[in-house]
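Presented below is the structure to which this report refers.
The values are calculated or read from the model by the stated rules, or taken from the named source; none is laboratory data. Remember, it's a predicted structure, so these values are computed and weren't measured experimentally. Glycine gets a Cβ as well: all are built from the backbone with ideal geometry, and neighbour counts include every protein chain shown. Side chains included, ligands, DNA and RNA excluded: accessible areas come from the protein's heavy atoms. Shrake-Rupley method; radii C 1.70, N 1.55, O 1.52, S 1.80 Å.
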Amino acid sequence: MTQDTFSQSLWSAISPPGPELPRLLGEETADIVLVGAGFLGMNTALGLARAGLKVVLLEASEPGFGASGRNTGFVVPTLKKALSPSNVVARFGTRRGEAFNRMIGGSGERLFSLIRDNGIACDSEQTGWMQPAHSRAALAACATQVREWRARGFDVQLLDRGETEARTGMTGYHGAMLIPSGGQINPLAWARGLARLCLSEGVRIFAGSPVIRLARDGAGWRVHTPGGSVVAPRAVLTTNALVGKLCSRVDRAIIPTYSFQIATQKFDAEIQARLLPARSPIADSRRHLFAARWSSDGRIVGGGLVYPGPFRLARTRRRFEKRFARFLPQLGQVRAEYAWFGTVAVTLDALPRLFRLDRGLWAPIGCNGRGVALTAAYGHELAQFFAGNTAEEDFVVPVTQPEPIPMRAMATAGPYLWLPYSEYRDRIETEAPAE
Ligand SMILES: Cc1cc2nc3c(=O)[nH]c(=O)nc-3n(C[C@H](O)[C@H](O)[C@H](O)COP(=O)(O)OP(=O)(O)OC[C@H]3O[C@@H](n4cnc5c(N)ncnc54)[C@H](O)[C@@H]3O)c2cc1C
């Protein structure tokens, strides 16, 4: 296994430092203890502190160390196309399904408001998120999503071919879905800003404090780290894909999926004005989707899954350099000056979960590849729930027990093994738009 790449990301290079945080030493008490300072743990902690609870947040490394500090920073207020609002209602029923849809549809606005209202510097740009369509069928699927969101009062737009070309500077797409409330941020700067905001609201965050054991303590839980422990009536695991042996029941219920990112060399203002001039990040409709955005310092950032496995950074770098040069010929020669990877907790249906593991022990997980916006909204809902303001039957997702993923080893290899087939299907399905 190669060494971890957290410090090799563009975000690590350009983000302001996070707050100085102590390690946990000795014993602490709290009303609720959360494990994992990613977006979900911090958004939940923030809501709980604002509701007046005494909150401790324990982080193995530093805030944003997991997927939250390494992602592409796309703010995407929708789920994948198989989870259109009507599909969600079909799964959850009308009451819960529509509450869930309101959470998703409003997640971009919630995130950007939180950033704006608290003056957090994280290069946030509410420039809309776009899904360009690579085929007529894909455009029809976008049209369905647009219709469904608009019927629920959300501003989601269908762009024609010309409008798509004008916003992206790219030819070959049939049109696109545009969600104006989406956009992009620097995710690590947001994670660090959010950590400061949590501290200012009274959350006690301990970094460098990996939780190694959970044990019952009277009616509550004692959460052990190497330097000390926290006792609280309730413990919440917000560890996402990095849960590992801490709770193998949760680990077996998700598929940890590696996603790679590169950031290219810097490009001048002239290219930035021609390519993605609207500065909306794009993630197209291909099975092996093509995703790209500008960073604040003029680099193209993007990535995805890479066959054949997680730890081949040099090879991955070359593969993405070629992919970017092929999709974005305006860039000429592409050089990946930064390359890194992160791990996403994927659920089989791409929906988030709230697991009740035991009395007072919880694990919300599974924001999949949508956690930038979703965690702001889901964290708020979780805080309302744990603060006692939302009843279980009214919660946005059903409270469940973790179910082991059948044939997990195969399911874990699945996305990489399917990649060549997905690319093949993308090639035969891609059609040039009619002149
Ligand atoms: C490369 C990549 C690109 C992505 N791009 C996007 C995107 O553009 N848009 C989007 O919406 N989503 C994207 N995602 C998904 C998004 O990043 C995640 O959904 C989101 O960050 C999940 O947040 P989280 O708080 O649940 O998990 P994490 O950010 O992974 O946080 C979990 C935290 O728990 C800590 N932890 C784990 N175990 C312990 C322990 N035992 N003790 C203490 N602490 C522990 C970890 O150190 C970590 O800090 C991407 C993900 C990756 C990896």
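Can you name every residue in the range 61-91 that is more than 15 Å from the ligand (Cβ to nearest atom) and either open to solvent by 20 Å² or more (accessible area, probe 1.4 Å) or not β-branched (Val, Ile, Thr) (or both)?
The answer is LYS81, ALA82, SER84, PRO85, SER86, ASN87, VAL89, ALA90, ARG91.
Return a yes/no flag: does the range 289-300 have any residue that is part of a strand (DSSP E or B), within 11 Å of the ligand (Cβ to nearest atom) and basic (Lys, Arg).
yes
Confirm whether THR144 is closer than 19 Å to ALA373 by Cα, hydroxyl-bearing (Ser, Thr, Tyr) and outside any strand (DSSP E or B).
For THR144, the condition - closer than 19 Å to ALA373 by Cα, hydroxyl-bearing (Ser, Thr, Tyr) and outside any strand (DSSP E or B) - is not met.
If GLY175 meets every condition in (1) in contact with an Asp or Glu (Cβ under 9 Å, 6 or more places away or on another chain); (2) of a type outside the set (A, V, I, L, M); (3) open to solvent by 10 Å² or more (accessible area, probe 1.4 Å) apart from one, which number is that one?
Every listed condition holds for GLY175 apart from (3).
Among the residues of the range 193-205 satisfying the criterion of being surrounded by fewer than 24 Cβ atoms within 10 Å (Cβ to Cβ) and not hydrophobic (A, V, I, L, M, F, W, C), which is nearest to the ligand (Cβ to nearest atom)?
Ranking the candidates gives ARG204 first.
Go through (1) modelled with pLDDT of 95 or more; (2) under 30 Å from ARG323 (Cβ atoms) and name the single condition GLY228 misses.
(2)
Consider ARG252 carefully, then state whether it is open to solvent by 10 Å² or more (accessible area, probe 1.4 Å), under 28 Å from THR44 (Cα atoms), basic (Lys, Arg) and more than 22 Å from the chain's Cα centre (by Cα).
No; evaluated as a whole, the condition is false for this residue.
Among GLY175, GLY183, GLY162, which is touching a Lys or Arg at 6+ places or on another chain (Cβ under 6 Å) and closer than 22 Å to LEU275 by Cβ?
After applying the criteria, what remains is GLY175.
Of the numbered conditions (1) of a type in the set (Phe, Trp, Tyr); (2) touching a helix residue (DSSP H, G or I) at 6+ places or on another chain (Cβ under 8 Å); (3) at pLDDT below 95, PHE320 satisfies every one except a single condition; which is it?
(2)
Select from the range 2-30 the residues that are under 21 Å from LEU246 (Cα atoms) and more than 12 Å from the ligand (Cβ to nearest atom) and write down the one among them that is surrounded by the fewest Cβ atoms within 10 Å (Cβ to Cβ).
Of everything passing the filter in the range 2-30, GLY26 is surrounded by the fewest Cβ atoms within 10 Å (Cβ to Cβ).
May I ask you to list the residues in the range 316-345 that are in contact with a strand residue (DSSP E or B) (Cβ under 9 Å, 6 or more places away or on another chain), more than 16 Å from the ligand (Cβ to nearest atom) and either in a helix (DSSP H, G or I) or free of Cβ contacts under 8 Å to residues at least 24 places away in the same chain (or both)?
Of everything in the range 316-345, those that are in contact with a strand residue (DSSP E or B) (Cβ under 9 Å, 6 or more places away or on another chain), more than 16 Å from the ligand (Cβ to nearest atom) and either in a helix (DSSP H, G or I) or free of Cβ contacts under 8 Å to residues at least 24 places away in the same chain (or both) turn out to be ARG318, GLU321, PHE327, LEU331, GLN333.
Considering each residue of the range 36-60, count those that are open to solvent by less than 40 Å² (accessible area, probe 1.4 Å) and within 30 Å of GLN126 (Cα to Cα), and give that number.
Looking only at that region, the number is 16.
Under the condition of being free of Cβ contacts under 8 Å to residues at least 40 places away in the same chain and within 12 Å of the ligand (Cβ to nearest atom), which residue from the range 219-238 is least open to solvent (accessible area, probe 1.4 Å)?
By that ranking, first place goes to HIS224.
Could you list, in sequence order, all residues of the range 346-394 that are open to solvent by 10 Å² or more (accessible area, probe 1.4 Å) and part of a loop (DSSP other than H, G, I, E, B)?
Once the filter is applied, which keeps residues that are open to solvent by 10 Å² or more (accessible area, probe 1.4 Å) and part of a loop (DSSP other than H, G, I, E, B), the range 346-394 yields LEU348, ASP349, ALA350, ARG359, GLY360, CYS367, ALA387, GLY388, ASN389, THR390, ALA391.
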